[in-house]
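**Student:** Quick one: this structure, given as C-alpha cells, is what I'll be asking you about.
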Amino acid sequence: MGEFKVHRVRFFDYMPTAIRAMAFNSRTERLALARADGALEIFNFADNYFQEKVIPGQDGRAVEALCWVGQRLFSAGLNGEITEYDLENLRPRYTVEAYGGPIWTISINSQGTLLAVGCEDGTVKMFEILEERIQFQRNLDRQKGRIISLSWHPSGTLIAAGMMDMIRIFDAETGRATHRLLVERGVGASKSREVVVWSIVFLSDHTIVSGDSAGKVQIWDGVTGTLVRTHLVTKWDVLALSVSKDESSLVAGTSEGTVVQFQFISSTVDQQDKEWVRTRTFKNHSHDVRALAHTETAVVSGGMDTQLVVRPLLDKVEKNTQESALRKMSLPHRSLVCCAKKAGLLLFQFPDHLELWRLGESDGHGKPGDSLPVKRKPEKLIQLKRKGEDHICCSALSPCGGWLAYSTVTSFRLYRLQNNNISVTKVSKLPKDLRSAHQLCFSPDSSKLFASSSHSSVIVVGLNQPECKYLHTLKPKSGSRQPVHLLFASEDGKWLATANADCEIHVYNLDKLKLHCTVPVYSSCPTAIAINPTTSNLVAVHADQQIFEFSLVQKEYTEWSRKLQKQGLHSLWLERDTPITRVAFNPKNPAHIILHDMFMFCIIDQSLPLPEAKTPFYNQMTLRSLPEPQRLVHSHAFKICKNFQHLMCVSLLEDHSLVVVERPLLNITSQLPAPVRQKKFAT
Amino acid sequence: MVEHGDIRVVHRGGSKINFREPVITHDSRYLLCASGECVKVFSTSTEECIHDLRGHTGLVTGVLLKPSNHLQVYSCSADGTVRLWDYTDGILIKTYVIGYPVYSICASANHEGVIFIVTPMLSDKRSDLFQLVAVDLPQSGDQLVEARELSAVLSDVSSNPAAIVFGRGGEYIASANGLHLEVYFFKKQKPYRFSFKEDNKKGGKNTFMCVACHPKDDCIATGHEDGKIRLWRNFNHKKEYTYSTLHWHHSAVSSLCFTPEGTNLLSGGMESVLVQWRYNQESERDFLPRLGSAITHITVSPDGALFCTSHSDNKITIIQSCVKVSAVIQGLVKGESVRTDMMVDPRSKSLVLNGKPGHLQFYSLQRDKLLYNLDIVQQEYIHESGLEQFEVVKAAFDASGSWLATVEERKQKDAELELNLKLWAFDEQTQSFVLNTTISAPHEARIIAMCFCHATDSQTTMLVSTSKDGHFKAWQLAAPAHTEADEGPSWSCDFVGSYHGLVPECCCFSADGSLLAVSFQEVVTVWSPASWELLTTLSQPPKAVRDLCFGRLSCSKYLLGTTANSLLCCWNLLTCSLEWSTSMDISLLLADPLTENMAAFCCQAGSTDLFVFKPSEPRPVFSQKAVCSGKVTRAVFAPREEMLESCEESSQWLNHSQLYFLTPYMDLMTFTTKAEEDRLMASSKQLVIDDRVAMTPFYLLLGKHRQQEDPDSVSGLSAERRPLPQCSVAIKELLQTPAHVLPSTSFLCSMFVQSLLISVTDGREETKHAEEEMESEKEEEDSEGEMESSTQRQEQAPLGGQAAPTLTKAQHRELKRVKKLDHSWFAHLLHS
C-alpha cells in the first residue's frame, strides 16, 4: 500500500494542565472548561464533543469558577477579578475587580439577571448583568470566613453559601442570612481541622445538598435548616457537585477520582415519597475530580489528571450506540506541532515557549517493520520563550525553515532563522494590522504568511528579506464573526482555504487575492482541511467523521465524494471518538489521502472500492495472509495503521519519509503529582 | 440375580446440613435444616438435634415455614413431593404429590394457598433448564393430596434456591440466573429483565450468585461472582433502573440476606467473614471474621434475634444479632476429596476420616454428630490458594483401638516429598489419642498402604507400610534401648522387605495375624510376620493386583484379590492355589470384620453395582445394580450398636454391621432394610425431648417426680402410643385429624374435660399442693405454642367417656383449674 520511512518522534513533552472548573450551557450544548493555567476551552457537545475554541491562558489568571449567562461566559478566580470573555475573538473582553479578595465561586440566578460572587473576605457580592458589562449591585450580610461555594434557589429569592464549617442561606432580596447549618467535622485526627463545604446545590424543593472536605455528601432541608441524611462517600474530600436539570440525579466528584451518583428515587414502587439514594460509582480518574457537569444524558468530569471524561448514563441513552460509549478527551483537537517539510524541522508549541527540533537521520535500509539505526540524533535547536504574560495561542514554521511566527492574544512576533537555523532574529517592523492572530500559516514557498484575524478575515503578509509587508486582507462574504481555526495554503501557491467555527470553508484565489468560492456549509465543524496538489481538490473532514472532497475547479463535490456520501462511511469509522486533525497527500500517488486522529493514521486510496457495511474494516492483517491475487478483491479504500498511538501529528516530508509525533498518555500520567493515598486491596 | 426391593440406598447420618439454607422458627428456638432425606430440627440454644422429620424418599431440597402458620413447615424433595409438617412434634400433616422433582421452594404470605417451586422444564426432563411454577395447594382433609394445578411463572431460572426470592410483601419475585436478573410483578403480570455482559473491561465477573429483597423498600440486592453486591432500585422501569455497588468481598458473594426490619444487609462468601452492611449507610459495616470456612448460606430468624450461617465444611453457626457466635452445629466434614480411607474407630464405633485440613474427625454415625477432631498435623493452617500444606493421607487403627497410625505428606512444586508417620496411643485418662512416636521420612517415596496386625491376642502390635520406593516396612512397638526413666515404649522399624525390586501395592494381615500378604504388581507374596520369611507367592498375571483381602472367621483360609484387568481371584492358602476367579471390574473390595461377608463395588457403565458374598460360597448373598452413579472408592462396614434380627436371607448381611460408602459427589450413603426403616419411623414419632425447661435443681426435682410417675402413671409417654380400644370412633377421628383442621381448642375443650371429670374427681386436694400447681401453670405459659398438642396428649389416656353433657361456665372454669393439677404428688405418696 505504501511504505514509508518513519520518524517516530516522542520528544514532544506536551503536558496538558489540570481541569479546574466547568460550566455546561444546556441551551447551546457548549461546555466551557477552565484549566489551571487559565486557558479556557469550549466543547460543542452537539457536534461530537469537538473542541471548538480555545482561549489561551494568562500568567496569574487562575480560574476558580465558570458561569454561562446565556451565550456569555464569565469566570472568576483567585486574583479577585471577574472576567467576561469575547468568544468571537478568543480573548477576555473585560475584567471587573470585585474588591473582596480572592473569589472562590460565582453563580448566576436562573433568571440570568444577577451574578453572585463568593469572596475570601466572607461577602457575597451581587453583580447585575447589563447588556455590555456587569455592575456591582450590593453585598449580602458579611460572614466570618470565606465563601467557598454558592447556589441559587431556582426561584431566585434564596441563595445558599457553603463556608468553613457551615452553610448559610441568604434571602437574596433583603440580604439577610436566614439559616445557619452547621456541618460536622471529620472524625479522628481531622476533628480539629475545619471542614470546607466545597460545593453546594440548592434544589427547587428547598433541599440543599452539600459536599465537604470530610468526604460527606449531606442532604439538608432548606426550609427548616435540618440535616436529612449524610452519605459518607469518601475518606477524602468531596470537591464538586452537579445536579441534572430535572433534579432527579446528582453527581459528586471526590479526591479519589470517583464520581458518585445519587438518584431521587421512591423507595417503594408506585409511591410518591422519594429520597436521595446513592447509586452508581464511576471511577474514570486517577486524581481529584475538580469539576463536574451533569448534562441531560451524561456525566462530564474533569480534574487533576487533565482528562475530560464524558460518561453517558445508560438509563438515558440507547444502549450500544455511539452515544453510550465512554469518551476520554486528553489531547487537544488542534495541532500544536508544525513541520517544515523541506528542512526537516519540527516546531512544538507550549503555552509559554516554542521548541525547534531537527529530525534525526538514518541511512540504513531494512525490511518493513524494522527499526533503523540512527546516524544523527534529533537535536533541539532553539527554545524560544514568549514575551509578556499571555500564553501562546498559535505558531507556525515556514516550510523552508527560515521563518518562525507566533501570536498571543495581544501580540504577534515573527522571527528569521539563520545560520543553519540556530540564530534567531526578531523581525521588528511588522505591519500594524497584524496585532494578533488565531491561526498562522506560511505559503509553501515561504514567501507569504497568512494570519487569521477577527471576523474570519485573513491577513496576507509578504515576506521579503529585510522586512515584511502587508499585502491584503481576505474577507469572506458571509460576514461571519467566528474565528478561523484552520488555514491551508495549497502546494502550488494558488489557493488558500480557511475554516471557521461557523462550519464555513472559504477558498481564496491567491493570485487574484479574492474569494474563489465557499464550500457548501455542512452542519458539523471541519476538523482538518487540505488541498490536493495535483488535482486541486479540497478534502475536508468534519467532527462527525464525514469526509468531503470538493473540486475547486468545478466548484462542486467530486464524483468520489458523492459516491462516498451515497454509500455512507463504515460504521467503525464513524464510531471513532477522536477527530481527524490533519489531512495530507502523498505526492507519489495523488489518489492517496493521509489522515490521522489520536489513535490511528489512515491512508485512503481513492482508486479502490469503498468498504461495504458488512466488509471487515480493519483488514490489514487478513489481507497480508492472503495470496497476492486475492488481496485486490478483498482490499478497500481505507488502510488503517494503529502502530502509533496518541498521535499529535503525522506529516509527510519532502523525501517521502513520514514524521509521527506521539505523546503517550502514560508519559503524561507519570508526570502528574501523586494522587491521594488509597488503600489498594491486598497491599 | 434378584433385585431386593426392601433394601434401599439411603442417606443416613453424615449427610450435608449445609445443602440448603436452614430455617429458624418464629420463636428462634428451633433451627430446621434439610439433611439428606430428612429435615433435622435442632435446638438453637443447645445445638442438639431434637428430632428428624422423616418421610421423604429423596433428597430434601428445601425447607420453608408456612407463611400462614408459623408452627408448620413445608419441605420439598427430589422425590416429587412437598410435605407439610408440624415441626414441634415431628408430625407429617400432609403430603402434596407434585410429580416432578422439586429443587427449591418459596412462598409468600401474600399468596395464600399457593407455593412456588422450581422444577425442571416440563418439556424435557434431562435438560438443566429449570422453571418456577406456582402450585395451588388443594384444600382437602386427606393426608396425601395430589397437587396437579401447576402454572409456570418464570422460565429459565436457576436451581439454586438463593437465586429466587420474594420482594416486599410478595408483590414481585426476583430471580437471577447467569447474567440475568428477572423481576416479575404479580399485579401487572409483567417481568422485567436486566442483563450484564460476560465481564466488563476491568475483568469483573458479573455472574449473579444470589439475590435478596428488602422487606420494606423496593430494593433488590444481588451478589456477584467478583465479590460485588449491587443494590437495584427503580426496577419497574425498563431503562431507568439503577443500582449501586458495594464491594468488600474479594471473591464470589455466596449468600445475601436482609434483616427482617431491613436495617441491615448480611453477606458472606469465601472469606469466611460475615459482613453486616447498614442499609442506606453502606460505608458503615460490621464484620464477624474467622468463621472457619466459606459461608454458603445466611438466614435470619423472623424476629431478627439470631443469624445463622451455613459453611462449606458442613457446619451451621448460630450468631446472635450483636454479631457474636452463640452455637455451632457441626456435621460430617467433607472436603473435595477424602484422602484417608473411611475407618471405624473400634472404641467409639465412630467413623473416622479426613476432616478439617490437617485433622482427623471422629463422627458418630448413630448419633449423627461430630465427636471430636484430632489435630494430626499440628500446624497452623493458612488459607491461600496454591499453597501446599501438610495433609493427612493415611490413617489406620489397630484392632483394639488403642493405636492410631497416621501419615501426613506435603508435596510442593520442585521440592522433595515430605512425609511423616505418626503413631498415637489412646490415653484412657483423657479419652483421646496422644502422640507417641513421630517418624519423619519413614519411606523415600509416597506410602501406598498401611495396616495394623489384626490379632487381638498377640503381645506385640505391628504396623506394616508399603511405599512407592519398592520396600515395605514393619514397625513395632519396643521399649527404649537406653533406659531413660520416664520415656515409655516407642515405635521403631523392625523389618524392611522387598521383592525383586518391584513396587509393593497393598498389604493385608490375616485375621489371626499369622500371615501378611503384600502384593507386588501381579505377584502376591505371603510372609510370616513372626520370622519374616517369604512363605509363598501367588500370582495371576498379566495385570497388577489392586486390592487384597483375607477372609474372616470360617473363611479365613481364603485370600481374595482383585486385579487391574477386572478379575476377582480367590486363593486357598492351604493349598496355595487359585480356588476360583470371576471376571468383574471391582473398584473396591472390603471385608466385614464381624462376619464372613465381603463387599465388592463394581464399576460398570458409569454406575456402581454392589455384590456381597462369602468367599466360600459361589452365590452372592446380595447384589444390587446401580447403587449410585460414578465410581465408589471409599466404603466401610460399621458395626451396629444392636444387632438386627432379620431372618430374610438377602438382608441378613446387614444384621451385624452396616455398609457405608461415599459417592463421587461426597454423599455418605448406606443400605437399609424395610424393617429398620419402619422401626426408625416409629421411634421418630416418639415425643420430642422437651428442652424448654432449663437444667435447674428445680427442674431435676420435677424430672424425678415425672420419672417416678412414669411406670404407673396413666398419662405416661409410653402409654401414648398404645392403642386405645375403649375410645369412641368420634374421639379417635378427632385425635388423628391434623391439628390445623380441627376447630378451636376452646370448642374441643369441653369434650376432653368431660373425660377428665370422670378420672380426676377423686383427687381434689389442690389446696395442699398450691406450689406444684403454680409450677405447672408456669410451664404451661411457657409452652403456649405447643399448648394444643400437649394438652391433647396428657388427656388422651384417661379418655373413656361418652359424649359430654353441656357445662355451665362456672363448671367449665372449675374443670380448667382441675386440669392444671399436677398428680405427681399422688405418685410420690404411693412410693414413699
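**Student:** Please label the shape of the range A:19-241 as rounded, prolate or oblate, based on the square roots a ≥ b ≥ c of the eigenvalues of the alpha-carbon gyration tensor (a/c under 1.5 means rounded; beyond that, a/b larger than b/c means prolate, else oblate).
**Tutor:** Prolate.
**Student:** Work out the length of the dipole vector of the range A:4-135 about its Cα centre, built from +1 on the beta-carbon of each Lys and Arg and -1 on the beta-carbon of each Asp and Glu, and round it to the nearest 20 debye.
**Tutor:** For this selection, approximately 600 debye.
**Student:** Please compute the modelled spin-label separation between B:D27 and B:R367, points set 7 Å along Cα→Cβ, answer in nm with one decimal.
**Tutor:** If labels sit at B:R367 and B:D27, their model points lie 2.6 nm apart.
**Student:** What's the exposure ranking of B:C213, B:C506, going from fewest to most Cβ atoms within 10 Å?
**Tutor:** Fewest to most other Cβ atoms nearby, the residues stand as B:C506, B:C213.
**Student:** Treat each spin label as a single point 7 Å out from the Cα along the C-beta direction, and report the A:K387 to B:L680 distance in nm.
**Tutor:** Taking the two extended label points, one gets 10.3 nm.
**Student:** Leaving out same-chain residues fewer than 8 places away, which aspartates and glutamates sit with a Cα under 12 Å from that of A:K144?
**Tutor:** Straight-distance partners of A:K144: A:E120, A:D121, A:D165.
**Student:** Which one of A:A343, A:S635, B:V377 has its Cα pushed farthest toward the positive end of the charge dipole of the protein assembly as shown, where Lys and Arg give +1 and Asp and Glu give -1 at the Cβ?
**Tutor:** A:A343
**Student:** Over all distinct Cα pairs, what is the inverse of the mean 1/r for the protein assembly as shown, reported as the Kirkwood hydrodynamic radius in Å?
**Tutor:** Value: 40.5 Å, from the Cα pair sum.
**Student:** For the protein assembly as shown, give the magnitude of the charge dipole about the Cα centre (Cβ charges: +1 Lys/Arg, -1 Asp/Glu; no others), in debye to the nearest 20.
**Tutor:** 7980 debye
**Student:** Now, a different point. What's the extension gain from B:V325 to B:Y665 if we count 0.36 nm per residue and subtract their Cα-Cα distance?
**Tutor:** Values: separation 340, 0.36 × 340 = 122.40 nm, distance 3.02 nm.
The span from B:V325 to B:Y665 would gain 119.4 nm if fully extended.
**Student:** Going through the cross-link list A:K319/B:K216; B:K187/B:K228; A:K319/A:K680; A:K235/B:K324; B:K40/B:K66; B:K422/B:K543, which pairs have a Cα-Cα distance over 24 Å in this structure?
**Tutor:** On the way: A:K319/B:K216 31 Å; B:K187/B:K228 31 Å; A:K319/A:K680 32 Å; A:K235/B:K324 29 Å; B:K40/B:K66 17 Å; B:K422/B:K543 33 Å.
Violating the 24 Å limit, Cα to Cα: A:K319/B:K216; B:K187/B:K228; A:K319/A:K680; A:K235/B:K324; B:K422/B:K543.
**Student:** Just need the relative contact order of the range B:158-330 here, percent rounded to a whole number, with Cα pairs under 8 Å and 6+ apart.
**Tutor:** The normalised contact order for the range B:158-330 reaches 12 percent.
**Student:** Which one, B:I448, B:I173, B:I117, projects farthest toward the positive side of the charge dipole computed for the protein assembly as shown from Cβ point charges (K/R +1, D/E -1)?
**Tutor:** So the residue furthest toward the plus end is B:I173.
**Student:** Positive end of the dipole of the range A:19-241, charges at C-beta (+1 Lys, Arg; -1 Asp, Glu), about the Cα centre: which of A:I167, A:F45, A:A98 has its Cα farthest in that direction?
**Tutor:** Of the candidates, A:I167 comes out farthest on the positive side.
**Student:** Across peptide B:227-234, how many C-beta atoms of other chains are within 10 Å of each residue C-beta, on average?
**Tutor:** Working: counts 1, 0, 0, 2, 3, 1, 7, 7.
The mean count of partner-chain Cβ atoms within 10 Å per residue comes to 3.
**Student:** Additional query: Determine the relative contact order of chain A: mean sequence separation of Cα pairs under 8 Å and six or more apart, normalised by residue count, in whole percent.
**Tutor:** Numbers: 1759 pairs, mean separation 55.6, N = 683.
Rounded, it is 8 percent for chain A.
**Student:** Among the GluC sites (Glu not before Pro) within the range B:150-250, which fall in a DSSP loop and have no more than 14 other Cβ atoms within 10 Å of their own Cβ?
**Tutor:** Passing sites in the range B:150-250 are B:E198.
**Student:** Can I ask one more? About its Cα centre, what dipole magnitude does the range B:18-157 give when the only charges are +1 on Lys and Arg Cβ and -1 on Asp and Glu Cβ, stated in debye to the nearest 20?
**Tutor:** Value, rounded to 20: 80 debye.
**Student:** Partner chain Cβ atoms within 10 Å, averaged over the residues of B:215-225 - can you pull that number for me? Show your work: numbers first, answer last.
**Tutor:** On the way: counts 0, 2, 7, 7, 4, 0, 0, 0, 0, 0, 0.
The shielding value for this peptide is 2.
**Student:** Would you kindly state how much longer the chain becomes between A:E575 and A:K245 on full extension, computed as 0.36 nm times their sequence separation minus their alpha carbon distance, in nm to one decimal? Could you put the intermediate results ahead of the total?
**Tutor:** Details: separation 330, 0.36 × 330 = 118.80 nm, distance 2.79 nm.
Additional length available on full extension: 116.0 nm.
**Student:** Counting helices only, and only those DSSP H runs with n ≥ 4, report the 222 nm mean residue ellipticity of the protein assembly as shown as the sum of -39,500 (n - 2.57) divided by its residues, in deg cm²/dmol to the nearest 500.
**Tutor:** -2500 deg cm²/dmol
**Student:** Something else: What shape does the range B:89-182 take by its C-alpha gyration tensor, where a ≥ b ≥ c are the square roots of the eigenvalues and a/c under 1.5 counts as rounded, a/b above b/c as prolate, and the rest as oblate?
**Tutor:** Values: a/c = 2.07, a/b = 1.39, b/c = 1.49.
Here the range B:89-182 falls in the oblate category.
**Student:** Past 21 Å, Cα to Cα: identify those pairs from A:K5/A:K342; B:K190/B:K239; A:K342/A:K432, in the order given. Walk me through the intermediate numbers first.
**Tutor:** Numbers: A:K5/A:K342 16 Å; B:K190/B:K239 15 Å; A:K342/A:K432 30 Å.
The answer is A:K342/A:K432.
**Student:** Put one equal scatterer on each alpha carbon of the range A:337-671, apply the Debye formula with no solvent term, and list log10 I(q)/I(0) at q = 0.11 1/Å to two decimals.
**Tutor:** -0.76
**Student:** B:D142 to B:E47: FRET efficiency via 1/(1 + (r/R0)^6), r the Cβ-Cβ distance, R0 30 Å, to the nearest 0.05?
**Tutor:** 0.20
**Student:** Separate question: In nanometres, what is the gap between the two model label sites at A:L130 and A:D370, each 7 Å from Cα along Cα-to-Cβ?
**Tutor:** If labels sit at A:L130 and A:D370, their model points lie 7.4 nm apart.
**Student:** For the range B:507-645, what class follows from the C-alpha gyration tensor (a ≥ b ≥ c being the square roots of its eigenvalues): rounded when a/c is under 1.5, otherwise prolate if a/b is larger than b/c, else oblate? Write down the numbers at each step before the final one.
**Tutor:** Numbers: a/c = 1.91, a/b = 1.28, b/c = 1.50.
Because a/c hits 1.5 or more and a/b fails to exceed b/c, the range B:507-645 counts as oblate.
**Student:** What aspartates and glutamates does A:K283 reach when the alpha-carbon gap must be under 16 Å and sequence neighbours fewer than 8 apart in one chain are set aside?
**Tutor:** A:D237, A:E256, A:D305
**Student:** How high is the FRET efficiency between A:Y618 and A:R27 when r is their beta carbon distance and R₀ equals 30 Å, given to the nearest 0.05?
**Tutor:** Between A:Y618 and A:R27 the formula returns 0.15.
**Student:** Starting from the Cα gyration tensor of the range B:234-306, multiply each eigenvalue by 5, take the square root, and state the resulting semi-axes largest first in whole Å.
**Tutor:** 23, 16, 12
**Student:** Per-residue counts of other Cβ atoms within 10 Å, averaged by peptide: what ranking do you get for A:585-596, B:736-747, highest first? Could you put the intermediate results ahead of the total?
**Tutor:** Values: A:585-596: 18.6, B:736-747: 11.6.
Averaged packing, sorted descending, gives the order A:585-596, B:736-747.
**Student:** Determine which lysines satisfy two conditions relative to B:K625: a Cα distance under 21 Å, and not lying fewer than 8 residues away in the same chain.
**Tutor:** Partners found: B:K614, B:K674.
**Student:** Please find the FRET efficiency linking B:R285 to A:Q671, where r is the Cβ-Cβ separation and R0 is fixed at 45 Å, and quote it to the nearest 0.05.
**Tutor:** 0.75
**Student:** Also: In the calculated pair distance distribution of the range A:293-367, what percentage of Cα-Cα distances lie above 14 Å?
**Tutor:** Taking all Cα-Cα pairs of the range A:293-367, the fraction more than 14 Å apart is 73 percent.
No value in this document is a laboratory result; all are computed from the given coordinates. Everything quoted here is computed from the prediction, not taken from an experiment. With ideal geometry, Cβ positions are generated from the backbone for all residues, glycine too; neighbour counts draw on all protein chains shown.
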